[in-house]
1. How about the range 115-178: which trypsin sites (Lys or Arg not before Pro) there are in a DSSP loop, with at most 14 other Cβ atoms within 10 Å of their Cβ?
2. In sequence order, what are the phi-derived ³J(HN,Hα) couplings for the range 166-179 according to the Karplus relation 6.51 cos²θ - 1.76 cosθ + 1.60 with θ = phi - 60°, rounded to whole Hz, with x for glycine and proline?
3. Relative contact order for the chain: what is it in percent, counting Cα pairs under 8 Å that are at least 6 residues apart?
4. Could you tell me the relative contact order of the range 65-184? Use alpha-carbon pairs under 8 Å, at least six residues apart, and round to a whole percent.
5. What is the order of Tyr275, Tyr192, fewest Cβ neighbours within 10 Å to most?
6. Rounded to the nearest 5, what % of DSSP beta bridges with both residues in the range 9-159 are antiparallel?
7. I'd like the Karplus ³J(HN,Hα) series for the range 45-57: coefficients 6.51, -1.76, 1.60, θ = phi - 60°, whole numbers in Hz, and an x wherever there's a Gly or Pro.
8. Can you sort Tyr146, Tyr213 by how many other beta carbons sit within 10 Å, fewest first?
Amino acid sequence: MALAGILGTGAAVPEKVLTNQDLEKLVDTSDEWITTRTGIKERRLAAPHETTSMLSVQAARKALDMAGIKPKDLDLIICSTISPDMPLPATAAFIQRDLGAPPCCAFDLAAACSGFLFGVTVADQFITTGKVKYALVIGAELLSRYVDYQDRATCVLFGDGVAAGVLGPASPPSGILGEEMHTEGAYSDHLYIPAGGTVKPTSRETVEAREHYIKMRGNELFKVAVRSMEEVSRRVLKKAGVSAEELDLFIPHQANQRITDAVQERLGVSPDKVYSNISRIGNTSSASIPICLDECVRSGRVKKGDLILMSAFGAGVTWGAVLMRW
Ligand code: UT7
């Protein structure tokens with residue numbers, strides 16, 4: 001059975017830059033604190049007219065061009081997002097419509113920062129079983145619409161961005177070699193948006209209490225993130241019979257440079273094999289890994305035959321990893 005692989009990538013990040021100096025004017029923070037605790041110097045912010053689906057279509061077109069695939073060839077569209085255009089319908093429906101793809105299986109996937117890897121894993125199952133030939137997987141987040149710019153613990157971290165991958169049958173020896181995905185709801189109160197759902201429908205009170213914004217227990221989350229990303233990466237490598245030294249590239253979710261450094265060190269991956277763009281892009285949740293992958297592909301950092309490990313962690317909590325040969 002042929003392996004599935006990522007045949008093309010594309011990204012769309014908004015033009016507007018929000019620097020640490022800009023944030024110093026909004027909350028009680030400093031460039032020095034943000035840089036040393038997170039590695040972030042700036043992040044991107046969507047313009048008011050930009051939407052999750054709009055940037056998704058831009059990223060998808062670039063990915064389709066690279067793959068040499070037309071929208072009409074798509075059988076499956078998965079949009080991983082926790083910042084959808086609207087609660088209803090799925091953002092994937094707008095993407096299918098605006099891309100000019102035929103009516104097909106298109107849905108949103110909510111796995112937060114692990115969402116792109118969950119989407120790739122789901123698409124892989126459809127492609128390798130022959131149910132689908134070409135799939136579009138998008139990690140799309142306009143987190144600025146859900147961030148409280150009065151909360152210094154979260155507003156310094158998150159940014160906006162979208163990236164897409166087109167998946168289809170890969171030419172050997174390329175393809176997805178291993179993957180895992182996990183969710184543990186016991187930690188669901190570590191990163192969440194309290195209001196706007198069935199537990200607390202939006203009301204004047206929830207808005208006044210700022211409960212429609214992201215809340216995070218960052219310090220606790222940090223430890224779970226390092227542990228789970230290390231463990232899942234190890235398991236996926238082991239099952240594929242690949243050692244950490246053999247990797248050409250490791251792309252971890254860009255949550256915090258200190259998390260990246262800790263995972264890299266524990267796994268024993270050489271620092272020059274680890275990709276990071278967090279200083280420029282911040283944490284874009286499910287878009288972070290595909291934005292990194294797209295930068296690596298377009299800059300020539302990734303070459304045919306390279307072994308790439310991607311590993312993520314996010315709200316839920318969710319975590320997962322995908323190993324592939326480019
Ligand atoms: O993407 C998905 C998952 N996200 C994550 O995994 C995030 C994981 N967590 C983190 O990245 C880090 O925990 C943070 C960057 C969020 C925070 O760093 P930390 O080193 O864990 O800091 P902390 O929460 O323990 O806070 C230390 C101090 C506190 O002050 P006191 O109590 O020691 O006086 C905070 O109030 O830093 C304070 N603080 C800030 N100070 C200046 C928190 N945020 C800021 C800020 N500027 N922006």
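No value in this document is a laboratory result; all are computed from the given coordinates. It should be emphasised that the depicted structure is a prediction, and the values quoted were computed from it without experimental measurement. Counting neighbours? That spans all protein chains shown, and the Cβs are built from the backbone with ideal geometry, glycine included.
1. Details: sites: Lys131, Lys133, Arg145, Arg152; in loops: Lys131, Lys133.
Loop-located and lightly packed - Lys131.
2. 9, 10, x, x, 9, 8, x, x, 5, x, 7, 9, x, 6
3. Numbers: 801 pairs, mean separation 83.0, N = 326.
Normalised by residue count, the contact order of the chain is 25 percent.
4. Numbers: 184 pairs, mean separation 32.9, N = 120.
Rounded, it is 27 percent for the range 65-184.
5. Values: Tyr275 21, Tyr192 16.
Going from least to most buried by this count: Tyr192, Tyr275.
6. 30
7. 10, 5, 6, x, 7, 7, 10, 4, 5, 4, 5, 5, 5
8. Values: Tyr146 17, Tyr213 20.
In order of increasing Cβ crowding within 10 Å: Tyr146, Tyr213.
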